[in-house]
Every structure is written in structure tokens, then in C-alpha cells.
Amino acid sequence: MTTETPSASMSSASAYDYIIIGAGSAGCLLAKSLSANPNKKVLLIEAGKNDNYIWIHIPVGYLYCIDNPRADWRFKTANEAGLNGRSLLYPRGRVLGGCSSINGMIYMRGQEGDYKAWVTATGDESWSWQNALRRYKAIEDYHGPANEWHGKGGEWTVSKQRLRWPIMDVFKQAAIETGIPASDDFNTGDNFGVGYFDVSQRDGWRLNAAKAFLRDAAKRSNLTVVTQALVDKLLIDPATKNCYGVQYLKDGVLTKALCHIAAQGEVILSAGAIGSVQVLERSGVGAADRLNALGIPVMSDLPGVGENLQDHLQLRMIYKVNGIKTLNTKANTLWGKMLIGLEYFFKRSGPMSMAPSQLGAFAFSAPDQERANVEYHVQPLSLEKFGEDLHSFNAFTASVCNLRPSSRGSVHINSLDPEAPPVIAPNYLSTEEDRRIAVESLRLTRKIVQSPALAPYTPEEYKPGSRYQSDEELVKAAGDIGTTIFHPVGTCKMGCADDPMAVLDSQLRVRGVGHLRVVDASAMPTITSGNTAAPTMMIAQRAAELITGK
């Protein structure tokens, strides 16, 4: 791997077979796969810095990465009507490894039904569950033996958690008493159940995409990685509508990287559900009226660019408990913090090895749902919001989200400045269906907490509070406590030729522009029923198959 450093020569154009924009979950995998052919020159461009920041690699370090310019774009949403006028912090990774460097580390594929929906949307069976499963297994290194559902020996390590809390075991039993079955594996295509999440860790350290995929390619002279390089726009020939390169800014020098399109070279946009939209719109790919208003020449009139934004809104319910310890009290003393640090230093275990959520549950918010439609992230801790100290009292958080929201939002640029933040409008809780499921979810949580297993610990609802009872009151409560769980997808969706809002065909190619693909979470027609990092890597694995023909 060659890492470019600032020099006078950077202002002159270099030529590559493949140019990948964004070194996140998809981009890192693609860089490894495409550079495996020593005859192909590959350029990977990342806006953020290298991932040599210690808090990226310590699992609990996400607390120090989110809203930190060292690793996060620090976006914010517009004020949301469904959230009672609030604006949310909207973390997105700006560092080598992308969001895999700052996310919750949960390994989750979703449900078989999600992929049936993709096949329907695209008319392409290559996106079926069975085909997706084959790709998941190919890159997986599972903590157990290889079997029908899991692979062994791949780059992506899937581990069991290294810590258990009694309060989590109690909540699990309470969920079972409510009718949610115990589950040892959420990744078989049907994740209905309650159990401990598998996590993307290796020996107690976070595993990010840079470590998993780029480190292995480090000796390849045909792979060039440029960090702290902000892509300004794609280079598209107005006559042929072929994308033949990229223009990016590094250390004040505007640089062009060209693509060997005559030899079937490609530019691959893997900047995520927010970043890919920004690059496309600045390059003249998007809704013509929007581009014209900004004075951008239209290369391809695609009204779907930036639309169809979907995200999981988590409703964080907090319960005080008695007679059982949580991280709140363990971490709120100097001695407790010292013990936590020593345990991690010597054993790579304990609270510093924790993913943000330990226990998960997938359930039905109401009997009329065809498959599990809500997900719980349960934590042995509580706090008012990210970045603040843990509460001084013992408590746990049961965060519940609607897995398949019907609300649709948007993201768009409002400036040609590549450093200008986009306008992000998720439109949470904007449909009657989503508001109904929010109410059902809050009531389901209360039902679980009222189960006999938790009774000895006298749980008391701290947030939103027992005063919220009617449907109307619970909708307001959902707006007060709801926040993103960091899963934006769908803003450059794949679709059939007769779908006017589809940005991509089923092979991830941008409509109306040659030699250009989008390969990241923005390509999803609909959001998966769970955390979205693993599906994003699966999409990249499919793209590698398409590009290399293997």
C-alpha cells in the first residue's frame, strides 16, 4: 500500500483502474478486493485521518469518537417536527474505517424478508437471502465452527462479548416471560428472540474495516491510499456522460485523479448515505431543478438522489433499579474506574471491552406484524445524552426502535462548498404507522419491565416517565426521547428501470453516467431489520463480484 504525502506532484493527474471514494465499511473491502489483481492500480480516497487514534480501537472509545472532529463529520439534522422541534447530532465516521471506527460494533444481517424486498425492488435474484448469506460467510471469521449460517477464516471477526451483567440476564428472563424466545444467534434470517449480540471485535479490541481489510493489503504496490483528501466532485464528460475521474482537495492543492475508462476502469462512490449524495449533487447528478438552483450543470437528472432516507429511531427508556449493580455506580467512583482500566489493560475484558449495547431482542410490537418489527438495545447504564456523565443512580436503558419505518426523509447539499454540511431531514415519526408502532413499542417495554423476573429490583421508569399513558401522550414522549441509532440508508437506492426514483440499477451502476457505481448503505432500497454495518459490507462484496467477474 502506498500512502501519498503532500508534494508538488500531487497537483498533476495520476491514472488508475479503480478510484474508490470513502474508506469506510464498503470502501476498505473494495480496496482489498480490487487490488488483489496486481495489474490493476487502485486509489482509495478518504476525507478523514488515519485510524491511529487509540479510542477508535478500545471498544468503549466510541464515547470519545462521536462528536469528535478527529473521527466524526459532526453532522446535525434539521429541526424535526416528529421530535417536537429538536435537532439531533448525526454521527458519521470521518476517519480511515469510516463508521466502522465509531459504531456500536454489533454484527447483524437483518431478516430474510429484507432481501426478498430488495429482489422485488430490483427484479434481481442476486440480492436474495441465500445469495447474501453466501457473501456474508465468505468474509466472516465466526467465533464458533463453520456451519450452515457462518463462515470461518474470513477477514471479518465475529466475536462473543467478553462481559456479562446480572441486570442483563434479568432483563432477558423478563423478555422470555413476555413471550419472546431465547436466541443464541440473530443471524440466521429470522432474528425473533432475545439474547446477547455478537460483536465485531478481535481479542477485546474493536475491529474496524481498515484493520480487517486494508492491513492485509499493505504490501501491495498497486494500492494507493490518500487520507485527509476531500472530494470536490466527479469528473464527468458532458458529451459522453462517462465518469473519467475525481477532483479532490488535499492540503490546499486541488488534484485530479483519472480513471482508465477505455480499459473498463470505474469510479466507485462509497462515501455513505450522506456523503455519496453530496458528491453526486456537486457533480451534477441529481434532481435537475435542485441542481439548476445551485448553478450546477446537470449531467444526469435523477430526482431520487438524496431522497428515500431511512433510519432507525431509538426510543431510549431508562429504569432505575435497586439491589443490583449497573455500570452507573461502578464507573462513578475513582476506585471503580481504576479497576475497570486495570481489567481491560491486563485481560482485555470488563466494561472497557463493552459494545454500547450488550443484550438484544427482536419482537412483534403487535400481533398483526408478519415478522419481528422492533429491536431492543439493552444497556446496563443510563445517561441523559451522549457525551454526558452516567447517572449517579443504578439504572439500565432499554432502547427500542421500529425496524422498518415507513417515514422517508432526505439529504441534500445547499452549497457547492465540499466542507459545508448538508441539510439532513430524516422526517422521523412522520407517518401514522410509525407513530402507532412507537406507542406499541413503549407499551411493550413496560410490559417486559413489569414481568416477575424484574420485580425484586423494583424498576422505576425514569424516562419518559409513567405520567405518559394515552396514545397522544406516548407519541409526544417518543418525540422527546427519540434519537438516531446511526443507521441512515437508501438515499441512492437501487431499483428497476421503471422506478423514476431509483438512482442505481441492480448492479449498483448510476443511471445515465458511465463507469460510475455507488457501493454503500445508500444503495439499499429499504432498510434492513437490524444494524446496518454488516449489510453494507455484503453490498461491497457483491460489487467486487460484479467488477471483477468472480
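The values are calculated or read from the model by the stated rules, or taken from the named source; none is laboratory data. Just so it is clear, the structure is predicted and the values come from calculations on it, not from any experiment. Using ideal geometry, Cβ is built from the backbone for each residue, glycine included, and neighbour counts are taken over all protein chains shown.
Given the criteria of a type in the set (S, T, N, Q), modelled with pLDDT of 95 or more, closer than 30 Å to Val439 by Cα and surrounded by fewer than 24 Cβ atoms within 10 Å (Cβ to Cβ), does Asn84 qualify? Yes: the conditions hold for Asn84.
All conditions in (1) surrounded by fewer than 18 Cβ atoms within 10 Å (Cβ to Cβ); (2) in contact with a Phe, Trp or Tyr (Cβ under 9 Å, 6 or more places away or on another chain) hold for Phe396, with the sole exception of (1).
Applying the selection to region 154-188, what residues are among the β-branched types (Val, Ile, Thr), over 27 Å from the mean Cα position of the chain (by Cα) and not in a helix (DSSP H, G or I)? Thr178 - this is the single residue of region 154-188 that is among the β-branched types (Val, Ile, Thr), over 27 Å from the mean Cα position of the chain (by Cα) and not in a helix (DSSP H, G or I). Once region 493-524 is narrowed to residues that are assigned to a loop (DSSP other than H, G, I, E, B) and within 15 Å of the chain's Cα centre (by Cα), the residue that is nearest to Tyr18 (Cα to Cα) is Val519.
Residues in region 15-55 that are of a type in the set (A, V, I, L, M, F, W, C), surrounded by fewer than 24 Cβ atoms within 10 Å (Cβ to Cβ) and in contact with a strand residue (DSSP E or B) (Cβ under 6 Å, 6 or more places away or on another chain): Ala15 only. All of (1) over 21 Å from Thr397 (Cβ atoms); (2) in a helix (DSSP H, G or I); (3) over 26 Å from the mean Cα position of the chain (by Cα) hold for Lys447 with one exception: (1).
Residue-wise test of (1) farther than 20 Å from Lys493 by Cβ; (2) at pLDDT 95 or above.
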residue	(1), (2)
Pro297	yes, yes
Pro303	no, yes
Gly306	no, yes
His312	no, yes
Met317	yes, yes
Leu334	yes, no
Phe346	yes, no
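Quick check on Ser357: is it outside the structural domain of Arg436 (by TED's automatic domain parsing), under 22 Å from the mean Cα position of the chain (by Cα) and either part of a loop (DSSP other than H, G, I, E, B) or at pLDDT below 95 (or both)? Here the answer is no, as Ser357 does not meet what is asked.
Being touching a helix residue (DSSP H, G or I) at 6+ places or on another chain (Cβ under 9 Å), acidic (Asp, Glu) and part of a strand (DSSP E or B): is that true of Glu461 here? Against the criterion (touching a helix residue (DSSP H, G or I) at 6+ places or on another chain (Cβ under 9 Å), acidic (Asp, Glu) and part of a strand (DSSP E or B)), Glu461 qualifies.
Of note, Ala121 satisfies the criterion of being touching a Cys at 6+ places or on another chain (Cβ under 9 Å) and either within 18 Å of Phe362 (Cβ to Cβ) or in contact (Cβ under 8 Å) with a residue 24 or more places away in the chain (or both). Looking only at region 531-541, decide whether some residue is under 19 Å from Gln278 (Cα atoms) and touching a Leu at 6+ places or on another chain (Cβ under 8 Å). No: zero hits. In region 268-284, the residues that are on the phi > 0 side of the Ramachandran plot reach residues that are of a type in the set (Val, Ile, Thr) with C-beta atoms within less than 6 angstrom, at least six apart or across chains, in these pairs: Gly284/Ile296; Gly284/Val298. Filter region 154-175 down to the residues that are out of contact with any Asp or Glu (no Cβ under 6 Å at 6 or more places or on another chain) and free of Cβ contacts under 8 Å to residues at least 60 places away in the same chain and list them by number. Residues satisfying the conditions are Ser159, Lys160, Asp169.
Only residues that are in contact with a strand residue (DSSP E or B) (Cβ under 6 Å, 6 or more places away or on another chain) and hydrophobic (A, V, I, L, M, F, W, C): list them for region 139-169, please. Scanning region 139-169 gives Ile139, Trp156, Val158, Ile167, Met168. The set of residues from region 190-227 being part of a strand (DSSP E or B) and aliphatic (A, V, I, L, M) comprises Val194, Val199, Leu223, Val225, Val226.
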